Amino acid sequence: MASELDGLRAASGELAGTAATRYPEIAVRAERLEERLAKGRFHVSVLGEFKRGKSTFINALLGRELLPTGVLPLTAVSTEVAFGDPGAVVVHLDGTRTEVGLDDLADYVTEARNPENERQVQRVEAMVPVPLLEPGVVLVDTPGIGSIYLHNTEAARNALLDADGAVLVLSADAPLSDQERELLASLAERQAPTFFVLNKVDHLSPDERDEVRRFVAEAVAAELGRKETLYCLAARPALEARLRAKKLTDDAGDFPAFEADLHEFIARDLVDARLAAARRELGRLGRELSDAVGLEASSLAVDAETLASRVEEFRLAATHERQAMADERTLLTRDAGQLAKRIGDDLYRFAAAAPAKWRRQLEDVARSAPVADVEDQLRAVVEQAVVDRFEVFRQQEADYAEESWAELAERYRYRTEERVNAVRTAAADLFDVQLPRVTVPEVAEERERFFYLFLHVGSSSEAIGRLGRRLLPSSLVRRRMLAQAQRHLTQEFDKHAGRARWDLTQRLEAVRQRFEKAMAAELERTIDAILAAAERAEGLRRSTEVERKKRSADAAAVLDAATRALDLGAGA
């Protein structure tokens, strides 16, 4: 494990050095990767809308008031908190670095003291000797999305792109905005390890807390297509307890459970997660660089008029592949819709037929139970029927949905791979360069979980009171209670079937949209990279002969570095 990490770090450094002059965007990403690997770091971005309590949450984890907090949208620049002797470094946009004290952080990272980032700060790196961070975890406090400061939202999204893992902080007082739903979609696409936190639950009653937990858990699951643990906690009481060296109280909610699970992740999964993230990023960088070198060299071998003609032909080919993908997306939408209809039809047929299997048992109870207990015993039969019969059938439908979706997604993934490679083949033919086929990431081995949050069986509103039991003949009471229970049973199966249909089809739709977006992004990344290489070649054509010779001399070293990165990125 250590030797592979060392190899990835060396390859990242080599890639950064060889790409620095001609490919600065790739070089910067490679430098950041090398730095994380050299320091054994795993960046966990704490994300969310403004005023969700992200800075307070991190302070509670650290057990100290390190990051500035306030009642207005405050954080303007990302702050990376790592293990080390107390201190901080401000990294400016031009690459210069300035050492500052921890007490000076607010001068650089807050909107009030650094409005619209007038100090030109890229990020701030803070260090504190906190055991949680010692294994290499770096907590990244990000600006809130959705504030009136657009540059804050952009900085937060950049922090997500640079993250190995994430914590999404939501708030109980305004759960799950449209901006946060977009964040969920981005997190799902990156497939980075993610924790989900619902903050500020100390302001809610127990019933309100349960209601909000249920709503947010279902909404998160609908966006991701799978169930995730939701930690309902209160960062402010947790921080106050830590500052006083007191034991956390119930006001802090699930904060201890979150800490325990985070520590377990660090101890058990951190090394593997760090390795997988580094391998993926290095492979992407190597492929982008290798393609760019080959395309530029080929583009320089032809005159300007020929190059312009070939670029135009490539644009037409790319448009054709985009249209082909759009047609396939239409087919996938149709197939997913048919799957959703099949699930719905199955559930409704089941709901219509299932009550008949329990009528004999209801009749037996209505006939034999003491009159005083008939109502309760009939309700118990209804509950047992729904729990036993419906839950078994619901799980069968969920399994069917998962397996059917996996088949649909794999077929679409394969067709996307063909579209991507058709674009690469068109570029290779037009520019006379070798562009090996690529493999689009496969559908995740862990299947999407089409779970359903089971509803409790409600009470009937037609109960016969004690007075009625005394005044009416017992035979009439039994008949009325039996008829009531039969209606109740039918209503409960209908209700659960409708809710399960809605849950399963909503999750299917969310998964489909996210998957389509990821596949479309694969195609667009390929097209953009090829066009960017042609544009760089055109720019190089206008350079001096000396510069062009220097570029040719460097090309071999760049290509060697890219090839090694590709091999390591593939796990070779």
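Laboratory data are not the source of any read-out in this text; all were calculated from the coordinates shown. Small disclaimer: the values here were computed from a predicted structure and weren't measured. Neighbour counts are summed over all protein chains in view; Cβ atoms, including those assigned to glycine, are modelled from backbone coordinates with ideal geometry.
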Table column - 3J(HN,Hα) (Hz), the range 387-397, Karplus curve with 6.51, -1.76, 1.60, x for Gly and Pro: 5, 6, 6, 5, 5, 4, 5, 4, 5, 4, 5
Subset of Lys39/Lys200; Lys54/Lys227; Lys39/Lys227; Lys39/Lys517; Lys54/Lys247 violating a 32 Å alpha-carbon distance limit: Lys39/Lys200; Lys39/Lys227; Lys39/Lys517
Taking amide H positions as placed 1.01 Å from N in the peptide plane, with prolines and chain starts having none, which residues 5 or more places from Thr69, or on another chain, fall under 5 Å of its amide H? none
For the range 256-267, in order, what is each residue's ³J(HN,Hα) by Karplus, 6.51 cos²θ - 1.76 cosθ + 1.60 with θ = phi - 60°, in whole Hz (x at glycine and Pro)? x, 5, 4, 4, 4, 5, 5, 4, 5, 4, 4, 6
If amide H atoms are built 1.01 Å from N in the plane of the peptide, which residues on other chains or at least 5 residues away come under 5 Å of the amide H of Ala166? Ser45, Thr194, Phe195
The farthest towards the positive end of the charge dipole of the range 41-268, of the residues Val220, Val167, Val137, given +1 on Cβ of Lys and Arg and -1 on Cβ of Asp and Glu, is Val137
Going by a ≥ b ≥ c, the root eigenvalues of the Cα gyration tensor, does the range 300-353 fall in the rounded group (a/c under 1.5), the prolate group (a/b larger than b/c) or the oblate group? prolate
Checking the a/c ratio against 1.5 first, then a/b against b/c, what shape does the Cα gyration tensor give for the range 1-60? oblate
How large is the charge dipole for the range 41-268, taken about the Cα centre, if only the Cβ atoms of Lys, Arg (+1) and Asp, Glu (-1) carry charge, to the nearest 20 debye? 300 debye
Based on a Kirkwood Rh over C-alpha pairs, give the Stokes-Einstein translational diffusion coefficient of the range 41-268 at 37 °C and viscosity 0.692 mPa s in µm²/s. 186 µm²/s
Starting from the amide H of Ser171, placed 1.01 Å from N in the peptide plane, find each other amide H under 5 Å away whose residue is 5 or more places distant or on another chain. Leu176, Asn199
Share antiparallel - DSSP beta bridges, the range 41-268, percent rounded to 5: 40 percent
Which listed residue (Leu198, Phe50, Leu184) has the Cα farthest towards the positive end of the charge dipole for the range 41-268, taking +1 on Lys and Arg C-beta and -1 on Asp and Glu C-beta about the Cα centre? Leu198
Can you work out the Karplus-derived ³J(HN,Hα) for every residue in the range 36-47? Use 6.51 cos²θ - 1.76 cosθ + 1.60 with θ = phi - 60°, whole Hz, and x for glycine or proline. 5, 5, 4, 8, x, 9, 10, 7, 10, 7, 9, 10
